[in-house]
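The values are calculated or read from the model by the stated rules, or taken from the named source; none is laboratory data. Being a predicted model, the structure only gives us computed values, none of them experimental. Every residue, glycine among them, receives a Cβ derived from its backbone with ideal geometry; neighbour counts consider all protein chains shown.
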Amino acid sequence: MTSTATSFPLSFSLTPSTDARAEAEREAILADPGFGKHFTDHMVSVEWTLDGGWHDAQVLPYGPISLDPAASVLHYAQEIFEGLKAYRHADGSIHTFRPEANAARLQRSAQRLALPELSTEDFIESLRQLVAVDGSWVPDAPETSLYLRPFMFATESFLGVRSAQKVGYYLIASPAGAYFSNGVSPVNIWLSTDYNRAGRGGMGAAKTGGNYASSLLPQELAYEKGCAQVLFLDSQEGKYLEELGGMNLFLVYKDGTLVTPESDSILSGITRDSIMTLARDRGHNVEIRKVEIEEWKAGSASGDIVEVFACGTAAVITPVAQLLADDFALGSADAPAGELTMSLRQELTDIQYGRIPDTHNWLTRLDA
Ligand SMILES: *Cc1c(COP(=O)(O)O)cnc(C)c1O
């Protein structure tokens, strides 16, 4: 949808919370935040209408959103989201990682879901605005962060099936503890052969709740098998690797080559893209191409595939120990994390936390 979005930047009003958590309570939460359990004192909301474009940009107290029961998102799932983090550096400053890439992806998701596009400038400004009031919610312990969750959905009350003429963009934030609190430990993953995540021409490349909804049942089956995540294959032939429910996948070959699946129906991760750049910088051969499950089987049997890892903003890089399927298993359940896996993880987090120079200009300071 081409929106009638205003071409000038939004200006945000601020309504401060009158029951913001006291410092002691906030510090208690930040000492053990977990993931996605606690939320900061404020949120952002911006409204869009077909006639008025984006308007009414607000920073307001965190709290329930009031929706008409006929709001079309509740019936037809016209919804998209993003996920990125704010990192506290040693000097106290607050930075985020490649926010313009998240903004561009939200725009691509918006196109696919027939939602209006929010400009990159307004997207990044919404992050700045929230951090300006809730910056004290960015924890400073190692590997902790403030997870930022922008999302957009159809708020129009109308049961006809067409794209909504009234939409809301919101931003909430949630302090996040170290993903692996006891050191990075490899996970086992379950190969889903009965269910696919997305099909040709579907929404697989958009970051939308619907893709997650379709992954929940296979994810439950993975848990039953003792696996942390589920791996999906392509829906057409059931033989090419796609991705996990919410993470992209890499295979590492003995000669140092990294291979990650190419597909129109997977989400193009910013973590994945950053890892490809870092690996190429180091002189590794990096291939983005179709990968058959048979290739993993053969490479595992021959010893040519030496490491496997998954990646995404929440966990950064998660080593994969074993792939379990109905009739085979690859790797071993107690395989240690791979050496390259761990060194790429270290380099990426060192950049995010400002411990090494940001030579790719990936960081955006949010608190200044
Ligand atoms: C968000 C997401 C990823 C990871 O993307 P990042 O930009 O690296 O966080 C991978 N797969 C799916 C399905 C996702 O929704």
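A compact table of results
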| quantity | calculated |
| --- | --- |
| Single residue of region 85-102 satisfying the filter (assigned to a loop (DSSP other than H, G, I, E, B) and not hydrophobic (A, V, I, L, M, F, W, C)) that is nearest to the ligand (Cβ to nearest atom) | ARG98 |
| Subset of region 320-364 (residues that are crowded, with 20+ Cβ neighbours inside 10 Å and within 16 Å of the ligand (Cβ to nearest atom)) | VAL320, THR341, LEU344, ARG345, LEU348, ILE351, GLN352 |
| Yes/no for ARG162 being over 22 Å from ILE317 (Cβ atoms), outside any helix (DSSP H, G or I), out of contact with any Cys (no Cβ under 6 Å at 6 or more places or on another chain) and basic (Lys, Arg) | yes |
| Any hit, region 234-253, residues being among the aromatic types (Phe, Trp, Tyr) and assigned to a helix (DSSP H, G or I) | no |
| Region 188-203 - residue that is modelled with pLDDT of 95 or more and closer than 20 Å to VAL73 by Cβ and, of those, nearest to the ligand (Cβ to nearest atom) | MET203 |
| Any chance ALA173 is within 30 Å of THR155 (Cβ to Cβ), assigned to a strand (DSSP E or B) and of a type in the set (Gly, Ala, Ser) | yes |
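Residue-by-condition table, conditions (1) more than 16 Å from the ligand (Cβ to nearest atom); (2) closer than 24 Å to SER302 by Cα; (3) without any contact (Cβ under 8 Å) to a residue 40 or more places away in the chain:
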position: LEU221; (1), (2), (3): yes, no, yes
position: ALA228; (1), (2), (3): no, no, no
position: PHE250; (1), (2), (3): no, yes, no
position: LEU267; (1), (2), (3): no, no, no
position: THR271; (1), (2), (3): no, no, no
position: ILE275; (1), (2), (3): no, no, no
position: ASP281; (1), (2), (3): yes, no, yes
position: LYS290; (1), (2), (3): yes, yes, no
